[in-house]
Amino acid sequence: MLFYRKSSRYRLDFPSIILNPVIDYVKIMDKRLRPRIPGDSSKSRDYFAPYIDNLHPKDKGLLGKNQRYLKENLVFGRPIQRLGTLLFCLDYAQTWALDVGGGVWRDAKEVFSGPEMKSLNAELKEVNEFRNTRVAHVETKLDDAEEAWKAMVRWFMCLNQMSNLTNQ
């Protein structure tokens, strides 16, 4: 929703205006992972539930939560934690030494690794951090024009990068 009603006036919902394009380009997950989902329902169920019971509880919790989010997004089309899930997939592929060895995590490691994805991970983390602390959940007021300009340039560069990766 770009506008919301407050009393008898409509106000611009600025966080949505700048966040929605970033969320829209989370299509990278759809384009890269959806074709790898098995067509058979039992195989698809297994694909999103690789064996992780032998992992450290923290790793098991993170992987379990994000594989549920991936299934919700990719199979059912529900927009649940899309940006956070993409960031997790990028981080998993780029930095985790742990290799689950099967299912969605094998494919995530494959499709979200490489120099382009590493660059996207770095850019998107910074954009998301700025969005979380300065736009959506204002922790510190943004009143420095130069800082705002640099953040918007980074935001647009990230959108351009996401667009290019989505259209490859």
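What follows is calculated from the coordinates using simple rules that are stated; it is not laboratory data. As the structure is a computational prediction, the values presented were derived from the model and not from experiment. Note that we place each Cβ from the backbone using ideal geometry, even for glycine, and neighbour counts take in every protein chain shown.
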Percent relative contact order for the chain, counting Cα pairs under 8 Å at least six residues apart, stands at 23 percent
For the table K27/K58; K27/K71; K60/K109, the rows whose alpha-carbon distance is greater than 24 Å are K27/K58
Whole-percent tail of the Cα-Cα distance distribution for segment 94-133, cut at 13 Å, equals 59 percent
Taking max minus min of the Cα coordinates of segment 61-137 on each principal axis, largest first, gives extents in Å of 38, 30, 21
The equivalent-ellipsoid semi-axes of segment 63-107, taken as the square roots of five times the Cα gyration tensor eigenvalues and listed largest first in whole Å, are 19, 12, 7
Expected unfolding gain across I23-A145 under the 0.36 nm per residue rule, minus the alpha-carbon gap, is 41.4 nm
Mean projected area (nm²) from the convex hull of Cα positions in the chain is 12.1 nm²
Expected sort for 104-113, 148-157 on mean C-beta neighbours within 10 Å, highest first, is 104-113, 148-157
Rounded to the nearest Å, the spacing of the alpha-carbon centers of segment 145-160 and segment 13-85 is 27 Å
By the mean-Cβ-within-10 Å protection proxy, highest first, 124-131, 71-78 rank as 124-131, 71-78
The answer for the chain, counting only DSSP H helices whose Cα atoms cover 27 angstrom or more along the axis and whose Kyte-Doolittle average is 0.0 or greater, is none
One would report the Cα pair-distance distribution of segment 99-168, bin width 10 Å, in %, as 18, 38, 27, 14, 3
With label points set 7 Å from each Cα along the Cα-to-Cβ direction at E126 and R36, the distance between them in nm comes to 2.7 nm
For K141, the lysines lying under 29 Å Cα to Cα, once residues fewer than eight places off in the same chain are dropped, come out as K6, K125, K150
With the 8 Å Cα cutoff and a minimum separation of six or more residues, segment 41-114 has a relative contact order in percent of 35 percent
The convex hull of the Cα atoms of segment 27-100, divided by residue count, gives a volume in Å³ per residue of 90 Å³
Distance in nm between S44 and R154 label points, each 7 Å along Cα→Cβ, equals 3.9 nm
In nanometres, the difference between 0.36 nm per residue of separation and the alpha-carbon distance of D91 and K118 is 8.9 nm
